[in-house]
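Working notes for the structure below.
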Amino acid sequence: MTMSVAGVLADTAAQRPGHTAVIYESEHFTYEWLWEQARRYASMLRANGVRPGDRVAMFLVDTPQFPIVYFGVLAAGAVAIPLNVMSTASEIDHVLTDADARFLVCATSLLARAREAAEPHDTVLLTVGLGPAGLVDLENVALDTAPIDDPAAPEPDDVAVVFYTSGTTGTPKGVMLTHRNVLYNVERMIVTPYAFRSDDVLLGCLPLAHSFGQICVMLTGFRAGISIVMMSRFSGREALALMAEHRCTVFMGVPTMYFGILDAVAQGAPVPRLDRVYSGGSALPAKTLDDVRNAFGCPVYEGYGATETSCSVAYRHPGLPFRSGTVGVPINGITVGIARPNADRIDLLPVGEVGEIVVCGPTVMAGYLGRPDLTAEVLLDGWFLTGDLGRLDGDGYLSVVGRKKDLIIRGGYNVYPREIEEILAGHSAVAQVAVIGVPHPVLGEEVWAIVVPARPEDVNSGSGEEIIEWAKQRLAAYKYPRRVEFTDALPMGSSGKVLKRMLVSKYEPATSS
C-alpha cells in the first residue's frame, strides 16, 4: 500500500507513465509528465522556504495546475489546504489565520482576493501564471528547475490535508485528515463501489478543493490509473458534450449537477451512454435517480459520507442488490452505528430505529485544527458523530433521513424533511424542493416547502394548494406542508447540500405576518 498521498501519483507514474492522467481543453497530460511537474513545483516550494509540516493554502481553479500544485506541496512534505474558488478575501483571511498558513499558492485569475487576504499576514504569496512584479510564478520558473528526487516520506498519522467546512453552523473549522485516513478510503473505494478498469474515462467536474472531488475523483482516479476529463466550471450541456467527445465511461456528481444535466437533456442536448454513475454530497431524490438512470442507460450508485470521514462512509455498489431509499452498506473496514441522539455516551439503538449516524474506523479525522473543544463534541468513545439522522436495516443497509439540526418537531411529532421532499419531488410541477420548519406559536414548528418549479408556467394562483393536496394524500396529517413558497433557486453549499438555515432565516419573518 502507498504510504503517502503523494505516492498515489508517484506509483501510477511509474506503472503507467505514458497513459493519459488528465484531459483539459482537449489537451492530454500523461502521468509521467504530471508527476515530473509536481516534483519541479516541490523544488520551487522548497527554494521559497517551504519546510516539512508547513501549511500551504491553495487558491486554484480546477485545471491541471491543481494536481501539480497539490502533489508538489505533498512531495515537499507540507500540508495542503485547498480553498474554494468562491471564497471571499475575509474567508481566505480566516483560513490563513486559523491554520497559521505561511504560504498561499494562487491562480492569477484569483489574485485580487488572495492579495487582499495575504497582505495583513506574514504569508508568502506564490502565483501559478505570470503575476505582478515581485511575485514568484511557479508555473514558469519551474520550467528551468530540476525536479526533486527525494519526495518527503511522512508518517501515516501525519496530517496530509486540511479541509475547511462550509461554516453554515458557525465559523469554518479545519478538518485534519492524515495520510492514513485518505489512503484507507482511496484503496477501498477503487475496488468497490468504483470498480475502476484501466480504460475508464471519468468526467471530473466536482470541485477539487472539496473532499468529494479531491479524494473520490482525483486521488482514487489517479490511484487506479484512469483518465480524468477536467472542467473548470460546470454546466449540464457542456458536461454532456465533454462526456460524448472523450467517450467517458463514468460520471460522479452531486444532485445539483444532475438537475443541470437533466435540464439540458430536456432542452434537447444529446446524451452519451455511460457504464456507471455515482452520486453523493446530499440525497438524490428517487425520481431524479430514475430519470438519470434512464437518461444514461446505466446504474446509478448513491453514497453517503462526510469530510470528517475522509469523504466516504457507505455506498451502493455493483453486485449489491438495490434497495430503494438507502445509500447502500458501509465500505469495507468502516463501522456504522445508529446512536441515541444528544447522549453523553454512545448508546447504540436496535435495528430499524432512527437515531444519529455514528462512524468508527481508520478514515475518521484526526480532529479539528486547533479546536480540541469542538473535536471533543464530535469524537466520542472512538466514534464520529455525524449530526445526520438515519437507520440501519437487518442486512446492514443505511438510510439517511436528514440532518439532526433540520429535524422538525411539529406538535410533539418528529418530522423528517427528506421523507416529505421525496414525496413532493414526484409532483410534475416540482423541479427541486427543500422542506423546512418555521416557528409556530402553538405547534412549535410548522412544515413549509420551498419549491423550484419545473417550468415557469407551473407557478399560478392554485399551484401551491395543488402541491399541498398532493402531499396530504400521501403523508400523515402531521407531516404534509401547510405552505408552499416558490423560488428561482435554492441556496447551495460547495458540496451540493441545500443551506436550509438560510431558508429558515429568509422565511421566518413571514410567520408573524
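Say whether the condition of being under 24 Å from PHE234 (Cα atoms) and at pLDDT below 95 is met by at least one residue in segment 65-75.
Scanning segment 65-75 turns up no residue that is under 24 Å from PHE234 (Cα atoms) and at pLDDT below 95.
Inspect segment 39-52 for any residue being at pLDDT 95 or above, surrounded by fewer than 24 Cβ atoms within 10 Å (Cβ to Cβ) and over 24 Å from ASP122 (Cα atoms) and give the result as yes or no.
Within segment 39-52, one or more residues are at pLDDT 95 or above, surrounded by fewer than 24 Cβ atoms within 10 Å (Cβ to Cβ) and over 24 Å from ASP122 (Cα atoms).
Does segment 201-217 contain any residue that is of a type in the set (Val, Ile, Thr), assigned to a helix (DSSP H, G or I) and surrounded by 19 or more Cβ atoms within 10 Å (Cβ to Cβ)? I'd like the intermediate steps shown before the answer.
Of all residues in segment 201-217, those of a type in the set (Val, Ile, Thr) come to 201, 215, 217.
Going one step further and asking which of them are assigned to a helix (DSSP H, G or I), we end up with 215, 217.
Of the ones still in play, those that are also surrounded by 19 or more Cβ atoms within 10 Å (Cβ to Cβ) are 215, 217.
Looking through segment 201-217, at least one residue is of a type in the set (Val, Ile, Thr), assigned to a helix (DSSP H, G or I) and surrounded by 19 or more Cβ atoms within 10 Å (Cβ to Cβ).
Yes/no matrix, rows are residues, columns are (1) among the hydroxyl-bearing types (Ser, Thr, Tyr); (2) closer than 21 Å to ALA78 by Cβ; (3) touching a helix residue (DSSP H, G or I) at 6+ places or on another chain (Cβ under 9 Å); (4) assigned to a helix (DSSP H, G or I):
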{"site": "LEU110", "(1), (2), (3), (4)": "no, yes, no, yes"}
{"site": "ARG113", "(1), (2), (3), (4)": "no, no, yes, yes"}
{"site": "PRO120", "(1), (2), (3), (4)": "no, no, yes, no"}
{"site": "ALA133", "(1), (2), (3), (4)": "no, no, no, no"}
{"site": "LEU143", "(1), (2), (3), (4)": "no, no, yes, yes"}
{"site": "ALA146", "(1), (2), (3), (4)": "no, yes, yes, no"}
{"site": "PRO151", "(1), (2), (3), (4)": "no, yes, yes, no"}
{"site": "ASP157", "(1), (2), (3), (4)": "no, yes, yes, no"}
{"site": "ALA160", "(1), (2), (3), (4)": "no, yes, yes, no"}
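Which residues, taken from segment 310-342, are over 23 Å from the mean Cα position of the chain (by Cα) and either in a loop (DSSP other than H, G, I, E, B) or not assigned by TED's automatic domain parsing to the domain that holds ARG391 (or both)?
GLY319, LEU320, PRO321, PHE322, ARG323, ARG340, PRO341, ASN342
Hey, can you tell me all the residues within segment 16-42 that are closer than 14 Å to VAL229 by Cβ and assigned to a strand (DSSP E or B)?
Passing the criteria: THR20, ALA21, VAL22, ILE23, TYR24, GLU27, HIS28, PHE29.
Conditions (1) under 16 Å from TYR41 (Cα atoms); (2) without any contact (Cβ under 8 Å) to a residue 40 or more places away in the chain, marked per residue:
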| residue | (1), (2) |
| --- | --- |
| VAL61 | no, no |
| PRO64 | yes, no |
| TYR70 | yes, no |
| ASN84 | no, no |
| ILE92 | no, yes |
| ASP98 | no, no |
| CYS106 | yes, no |
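Got at least one residue in segment 447-460 being out of contact with any Phe, Trp or Tyr (no Cβ under 9 Å at 6 or more places or on another chain), more than 21 Å from ASP291 (Cβ to Cβ) and surrounded by fewer than 20 Cβ atoms within 10 Å (Cβ to Cβ)?
Yes, segment 447-460 contains a residue that is out of contact with any Phe, Trp or Tyr (no Cβ under 9 Å at 6 or more places or on another chain), more than 21 Å from ASP291 (Cβ to Cβ) and surrounded by fewer than 20 Cβ atoms within 10 Å (Cβ to Cβ).
Looking only at segment 1-46, which residues are in contact with a strand residue (DSSP E or B) (Cβ under 9 Å, 6 or more places away or on another chain) and of a type in the set (Gly, Ala, Ser)?
Within segment 1-46, SER4, ALA6, ALA13, GLY18, ALA21 qualify.
The values are calculated or read from the model by the stated rules, or taken from the named source; none is laboratory data. All of these numbers come straight from a predicted model, not from anything done at the bench. FYI the Cβ positions are ideal-geometry reconstructions off the backbone, even for glycines, and counts take in every protein chain you see.
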